[in-house]
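No value in this document is a laboratory result; all are computed from the given coordinates. As the structure is a prediction and not an experimental result, all values here were calculated from the model. All Cβ positions, even for glycine, are placed from backbone atoms using ideal geometry, and neighbour counts span all protein chains on display.
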Ligand code: MLT
C-alpha cells in the first residue's frame, strides 16, 4: 500500500501543494534574491504551484542546511544555498548533517561574482590606498560577513590572507543586514555578491574597490571597477555558485520533475535577464545535471579544504 501511495504522490507531484524553498540567510540578501527570482521561473514550469521562501538564517548557513536535511523527503521542502555547502564541512568541526549523504542534488543554478565595497565616506579611493589604510590600522578595520561559511566570509578570508591584513570581522545573519550597517558606517568594508551590491554601486551609495573575477564585468554599473588581479592580488578569483537540494530519500520521480523544472527555469529569458542584469551568469553546462552538480561540489570541498585550513578559520 505504502509503495502505491508514494508512486501516486510522486506522479501527481506537486499536485497543487505549496513548495517551500529554505534560504539559509536573511531576507533581502543575494541568496534570498536568487531564490525569489528562481521561484518565479520554477512556478511557471511546475504548473503554477505556489513556492514559499523560508529564510532560516544563522551559523553561516548551517542552520538552514540542517533544517532541510531533516525535512520530510517528499519534494515540498527544498534548499537553495551556495558555496557554503562546500566550505562549511571544512570550517565546522561538527555539523548536524552530512553534505554528501543527507541531500539530493538537484542541479546548479548560477555563478555570481563578488565586489569589495567600502562605506560611503571611506577615505581610501582605490585598492592601493585601501591596502595602505588597512595595514596602518591593524585590527581596526571592520569587515562584515554573513557568518562563518558564508560567501562573504570566504572572500574576506582570502582577501585577508592575500593582503596579510588583520581586520576585525563582524558577522551578520546575511549580507542584507551587513550592507545596511555598511551604509550607516557601522562597518568599513564588505565583500559581497553583485546580486546584492550592483544597485548600491549604481546609486553611488557605497565605494566599489574591486571585483573578484579575473576579467572586468560587462554589467554597465560594474564595468569600470578594476579586478583584484589587476590591483596587484594576482589570480585572486572568487565566484559564488548557488545550487538546489532536496532531503535524501525524496522519491526519484519527484527528483526528476524538479530537475526538469529547474532546467526549464534556467532557460527562462526573464530569469536570465534578471541574473545577468546583476552580474550573475546562469549555469547552462552539465552542472545542471544532479550527478555533475554533486561532483562539482565535492571538487569544491577538495579545493577549499587546504585554502581554509591554511587560513586557520575554524568554527566549532
Ligand atoms: C553570503 O555572504 O554568503 C551571502 O551573501 C549571504 C546572504 O545571501 O545574505
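Things worth noting here:
- Comparing 159, 189, 143 in a Gaussian network model of the chain (Cα springs below 10 Å), the most mobile by mean-square fluctuation is 159.
- Springs between Cα atoms under 10 Å define the GNM used for the chain, and in it the highest mean-square fluctuation of 121, 55, 142 occurs at 121.
- Region 22-64 and region 148-171 have Cα centres spaced 25 Å apart.
- Whether the chain is rounded, prolate or oblate, judged on the alpha carbon gyration tensor where a/c under 1.5 counts as rounded: prolate
- Region 199-316 shape via C-alpha gyration tensor axes, a/c threshold 1.5: oblate
- Crossing angle, helix 30-45 versus the chain [Cα axis fit, 0-90 degrees, rounded to tens]: 30 degrees
- Gyration tensor (alpha-carbon) shape descriptor, region 27-132, a/c threshold 1.5: oblate
- With contacts taken as Cα pairs under 8 Å and at least 6 residues apart, the chain reaches a relative contact order of 27 percent.
- For region 33-96: relative contact order, % (alpha-carbon pairs under 8 angstrom, 6 or more apart): 24 percent
- Footprinting exposure proxy ranking of 296, 271, 103, 25, fewest other C-beta atoms within 10 angstrom first, gives 296, 271, 103, 25.
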